[in-house]
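Notes for the one structure printed next.
The values are calculated or read from the model by the stated rules, or taken from the named source; none is laboratory data. What you see is a predicted model; the values in this text were computed from it and never measured. Counting neighbours? That spans all protein chains shown, and the Cβs are built from the backbone with ideal geometry, glycine included.
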């Protein structure tokens with residue numbers, strides 16, 4: 001067999017079959033959610049919630065506590081975002097894509113710093129500072145917390161935070177042996193770039209449909 005395939009499947013040699021299956025399913029729903037996000041389509045939320053539920057279990061299995069909290073947080077942000085996205089600004093139009101205000105930038109900083117402190121406390125409580133991945137995990141958690149809040153608010157800048165978080169997460173999951181997930185983050189990087197461009201074209205334009 002090709003050495004690349006040998007190496008690839010060797011990463012899953014000691015991984016339970018159900019974890020591999022769940023990872024593939026979670027990645028699939030995650031990619032669908034990211035694509036719907038780029039399209040500014042409300043289906044981002046049901047597909048994202050399914051992916052989130054799967055990865056909460058997988059991340060608990062791999063002791064990636066920060067990213068586990070990300071997914072739990074994403075669930076609550078999905079409910080909030082679902083409400084914001086479906087809220088009408090008038091009789092025919094839904095909430096448009098906009099840029100962050102000064103107040104929202106301040107809130108973003110508060111979320112970022114607050115998350116760093118929160119995840120630090122979690123790792124301290126569970127004594128999980130046993131690898132450099134814990135420090136990277138803490139940083140990406142803070143980045144994604146801000147990104148998810150901005151996404152729920154339909155703010156253009158969410159793509160910038162997502163791009164940075166995805167770039168950092170790609171090697172992290174590759175190192176952890178979650179190859180399918182690292183490939184997902186590679187695609188997320190590409191989607192983040194195109195998502196920013198697509199949203200920028202529709203900036204400040206109220207929409208009449210959520211299923212574009």
Filtering the stretch 98-144 down to residues that are touching a residue at least 40 places away in the same chain (Cβ under 8 Å), assigned to a helix (DSSP H, G or I) and closer than 22 Å to residue 199 by Cα yields 104, 107, 108, 144
The correct count of residues that are more than 22 Å from residue 75 (Cβ to Cβ) and in contact with a helix residue (DSSP H, G or I) (Cβ under 7 Å, 6 or more places away or on another chain) in the stretch 129-156 is 5
Note to self: Criterion first (surrounded by 20 or more Cβ atoms within 10 Å (Cβ to Cβ), in contact with a helix residue (DSSP H, G or I) (Cβ under 7 Å, 6 or more places away or on another chain) and either within 19 Å of residue 188 (Cβ to Cβ) or touching a residue at least 40 places away in the same chain (Cβ under 8 Å) (or both)) does residue 65 satisfy it?
What the structure shows: yes
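Working carefully through the options 156, 151, find the one that is surrounded by 17 or more Cβ atoms within 10 Å (Cβ to Cβ) and touching a strand residue (DSSP E or B) at 6+ places or on another chain (Cβ under 8 Å).
156
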Problem - Filter result for residue 205 (over 24 Å from residue 26 (Cα atoms) and not in a helix (DSSP H, G or I)) - result: yes
Subset of the stretch 74-93, residues modelled with pLDDT of 85 or more and either touching a helix residue (DSSP H, G or I) at 6+ places or on another chain (Cβ under 8 Å) or in a helix (DSSP H, G or I) (or both), comes to 76, 77, 78, 79, 80, 81, 82, 83, 84, 85, 86
